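The structure appears below as structure tokens.
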Amino acid sequence: MVGVVGLEVHAQINSTSKLFSGSQVSFSSPPNSRVSYFDASLPGTLPVLNRRCVEAAVMTGLALNCTINMKSLFDRKHYFYADMPAGYQITQQRLPIAVSGLLIYSHLGGPKRNQVISKSIRIKQIQLEQDSGKSLHDEHQSQTLIDLNRAGVGLMELVMEPDMSCGEEAAAAVRELQLILQALGTCQGNMSEGQLRVDANVSVHRPGEPLGVRTEVKNINSIRHLARAIDHEIQRQMELLEQGGVVQNETRAFDQKTGFMPEPNLPPLLLYVSGRVPAGLDPSQVVLVDRVKALLPELPGVRRERLVEEYGILPEHSYTLVNEDGLADYFETVVKATKAEPRKVIGWVVKELLSNLNQQNLKVNQSLVAARALAELLDLLETGHVSSTAAKVVFQELWKNPEKGAEKIIQEQNLGLMSDAATLQIICQKVVESHPEEVKAIQNGNHKVLNKLMGQVQKETKGRADPVQVRAILQELTSS
Amino acid sequence: RSGRSPRRVSKALREGRVSATDLCRKCLQRIRETHYLNAYISVTEELAMQQAERRRKLRLLRGYTFMWEPRGILDGVPFSVKDNFCTQGVETTCASLMLKGYTPPFNATVVQKLLDQGAVLLGKTNLDEFAMGSGSTDSSFGPVRNPWSEAVTGGRSSTELGSDWAIAGGSSGGSAAAVASLSCYLSLGSDTGGSTRNPGALCGVVALKPTYGVLSRHGLIPLVNSMDVPGILTRRVCDAAIVLDILRGPDERDSTTVPSPALDCALTEELDLTRITVGIPQVTDWFQDAGQEVVVSSALAGTAGGLPSDLFPWR
């Protein structure tokens, strides 16, 4: 049996005002302080379409390889709920703004989880619609409080085909979508703040047989939770079926095709292409699809490839760089500021920097070692002022004392490269004499043991010894 | 005889022969005298007098320098509005208990345009509840009686709230009755399937239904969004034309409005009846099948009686 997972994503549009009214979109404002007469559904008020929201939907559709419908229509979807004062939501059910797209995402797989595997999900459609207000249930006083600040905020609903099979794929897909939306600037994509809401439809079946009954996984506020919840549900359904049970479908009350009518107060939404705009149209009423396309920024997938090509780094490292907010920028800043090669820089960024950040749960923009500081350190390493082992120590010291420069730390803690031949000779001699068995092993042909001796020398010198010289000296000493 | 037309009274106001407050007071008095018609749901006496006073003062201030510039042709002219138009700070009920006590925080666009002209709002007129009706008989505040009732009933029951009265038509019956009974110079109604035209016909006033999209519906509480239009009721056709020209125009708050050309003519008040052309619909099978022929013919007979005989060859 395999799982079948489809996602329904609601992305809040990153705009100054709402989809059909001029009230401001802002998070954490005092309750009911961002509500226009239209949002409160005062009789006689009418919707007026926000241009920025249209551009955001077109841009998102283009980035997801959709066909943009040059004519789309608005509908009313009727149902009663206290946080939707109009009694209907304005959406695009019949003819949405974008259809038939493809979300291409990748995730790290393979036995060592270092293979970048590319997958795709078909996007059925993207539609513009209104968000609802918020209900706060106060059980203590048996009442529900309604905050309409969010009522009418623009949403892009992305309906995807059930092309995934497990939680990990869903998580990777959502992550990629988040990165794309953030790169476009059309949605800030923060799941915990409700800017990106994901519901998963889950079922199981045997390949070749018809799809099973599907259930919905909702109220997910993080990508990790999404993966776990989906896998848990797949597991639950499989066990249930194996024991001869039946999967119950608790359909949403609103998951039906009735209750729709065309929105009579909004004319069809028409989009244009430069050079083919009918005469007499007010330019402020015209959205040009080709102009929006020209504004598309570098998308995450393209950036990953460019990083690999431009800097010669591994695809798995490129994946990590793009996946972490701000890490790719950090990397490129360091590379531009240092003489060290990108292939040397990448290790520092994805290992030293990232593990320090993860330990203290910091974001890249909160890093205690700035990109320039790291670049400085790498320059010192490059010019032989410090050994690679010592440099790692310096990095940790920099993390604790960011105001000191790398040079100062090297000086204060005496971490400079030890390259005096005479001193090294003495230390190597000492190590060779105290490890006769290892010397014998090397002389018998086991050259790998040399590394152990090198390790001993580094221990004596607190990692400061010049590894190139030490290796040469040890080889000489053990060859006779 | 400046009493009948906004244009005439406007001239009188401009020339100082009558003051805005006098005019307003007279109209309010007329409303009281005709209260049995039940044409008004709310009468905004204080507000109207305030507005009139403001127009009067401004005219006085500027009048001394002979630089009196009226806001517009409707400056100081009293008007009424059907109670399905939002009026800021004035109760708007749509003749329904559901909206009883509801006070909108904004004016409908067409109401605002009249106020911007300096016109004076007397009150909100009665209608069929939520404009759903064609008689103004289904209001939570009681039906509207046709000012011409006695002509139909033959009795002198007009000053009593008796059962012998004729309907005013609807749903803009209150507006039509208000204009017909001379309590205001113009009234805004609404028209979805005849709701301005039919009461206009029954009350004997001019009723204009503009093309959908020419006037803004912002602030008009809807019955059928894709058909509703604000309607204009006056006593003379030239006045309806003036008001149409003031009220038309795209509104960014109403996405269903369209640009329309300005009225390129000034309609005269004095009509030479010997030179008019009257359009009479062809009586087709469809009319006959629907039993319409009888109605059309009898109405024609009555109309023909009022017009010069050489226009009607069959008489």
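Things worth noting here:
- The C-beta contact set for the stretch A:196-219 (first residue farther than 24 Å from residue A:153 by Cα, second residue among the polar types (S, T, N, Q) and at pLDDT below 90, distance under 6 angstrom, 6+ apart or interchain) comprises A:213/A:249.
- Residues in the stretch B:220-242 that are of a type in the set (A, V, I, L, M, F, W, C), open to solvent by 10 Å² or more (accessible area, probe 1.4 Å) and more than 10 Å from chain A (Cβ to nearest Cβ): B:223, B:237, B:241, B:242.
- Given (1) closer than 15 Å to residue A:381 by Cα; (2) surrounded by 17 or more Cβ atoms within 10 Å (Cβ to Cβ); (3) not hydroxyl-bearing (Ser, Thr, Tyr), index of the condition residue A:339 fails: (2)
- Checking each residue in the stretch A:36-53 for being surrounded by fewer than 21 Cβ atoms within 10 Å (Cβ to Cβ) and within 32 Å of the chain's Cα centre (by Cα) picks out A:49, A:51, A:52.
- The set of residues from the stretch A:309-336 being under 19 Å from residue A:177 (Cα atoms) and open to solvent by less than 20 Å² (accessible area, probe 1.4 Å) comprises A:318, A:321, A:322, A:327, A:328.
- Answer residue from the stretch B:243-262, given it is in a strand (DSSP E or B) and facing chain A (nearest Cβ under 10 Å) and is nearest to residue B:78 (Cα to Cα) among those: B:251
- Only strands (runs of 3 or more DSSP E) whose full extent lies in the stretch A:1-101 are considered here, and the ones with at least 1 residues that are away from chain B (no Cβ under 14 Å) and of a type in the set (A, V, I, L, M) are A:2-12.
- Failed criterion for residue A:480 (all others in (1) open to solvent by less than 30 Å² (accessible area, probe 1.4 Å); (2) at pLDDT below 80 hold): (1)
- If the condition is being open to solvent by 50 Å² or more (accessible area, probe 1.4 Å), in a helix (DSSP H, G or I) and within 21 Å of residue B:189 (Cβ to Cβ), then the stretch B:41-64 contributes only B:47.
- Test: residue in the stretch B:283-290 that is touching an Asp or Glu at 6+ places or on another chain (Cβ under 6 Å), open to solvent by 20 Å² or more (accessible area, probe 1.4 Å) and either at pLDDT below 60 or more than 22 Å from residue B:179 (Cα to Cα) (or both): yes
- Any hit, the stretch A:278-301, residues being farther than 21 Å from residue A:70 by Cβ and touching a strand residue (DSSP E or B) at 6+ places or on another chain (Cβ under 7 Å): yes
- Residue match in the stretch A:343-362 (condition: in contact with an Asp or Glu (Cβ under 6 Å, 6 or more places away or on another chain) and either acidic (Asp, Glu) or modelled with pLDDT under 90 (or both)): no
- Inter-residue pairs, beta-carbon under 7 Å, first away from every other protein chain (no Cβ under 14 Å) and touching a residue at least 40 places away in the same chain (Cβ under 8 Å) and in the stretch B:94-123, second open to solvent by 10 Å² or more (accessible area, probe 1.4 Å) and assigned to a strand (DSSP E or B), 6+ apart: B:122/B:43; B:123/B:40; B:123/B:42; B:123/B:43
- Long-range neighbours under 7 Å by Cβ, at least six apart or interchain, first residue in contact (Cβ under 8 Å) with a residue 40 or more places away in the chain and assigned to a loop (DSSP other than H, G, I, E, B) within the stretch A:455-474, second polar (S, T, N, Q) and surrounded by 19 or more Cβ atoms within 10 Å (Cβ to Cβ): A:463/A:387; A:464/A:387; A:466/A:387
- Selection status of residue A:284, at pLDDT below 90, touching a Lys or Arg at 6+ places or on another chain (Cβ under 8 Å) and part of a helix (DSSP H, G or I): yes
- Restricting the stretch A:374-429 to residues that are among the hydroxyl-bearing types (Ser, Thr, Tyr) and touching a helix residue (DSSP H, G or I) at 6+ places or on another chain (Cβ under 9 Å), the residue that is farthest from residue A:461 (Cα to Cα): A:388
- When residue B:38 is tested against (1) under 22 Å from residue B:169 (Cβ atoms); (2) surrounded by fewer than 16 Cβ atoms within 10 Å (Cβ to Cβ), only condition (2) is not met.
- Residue-level check: of (1) assigned to a loop (DSSP other than H, G, I, E, B); (2) modelled with pLDDT of 95 or more, residue B:187 misses just (1).
- With respect to the conditions (1) open to solvent by 30 Å² or more (accessible area, probe 1.4 Å); (2) at pLDDT 90 or above; (3) more than 14 Å from every other protein chain (Cβ to nearest Cβ); (4) part of a loop (DSSP other than H, G, I, E, B), residue B:210 lacks only one, and its number is (1).
The values are calculated or read from the model by the stated rules, or taken from the named source; none is laboratory data. Every value quoted in this text rests on a predicted model; they were computed, and no experiment measured them. Reconstructed Cβ throughout: ideal geometry from the backbone, glycine too, with neighbour counts over all protein chains shown. Just the protein is used for accessible areas: all its heavy atoms, side chains included, with ligands, DNA and RNA removed. Shrake-Rupley method; radii C 1.70, N 1.55, O 1.52, S 1.80 Å.
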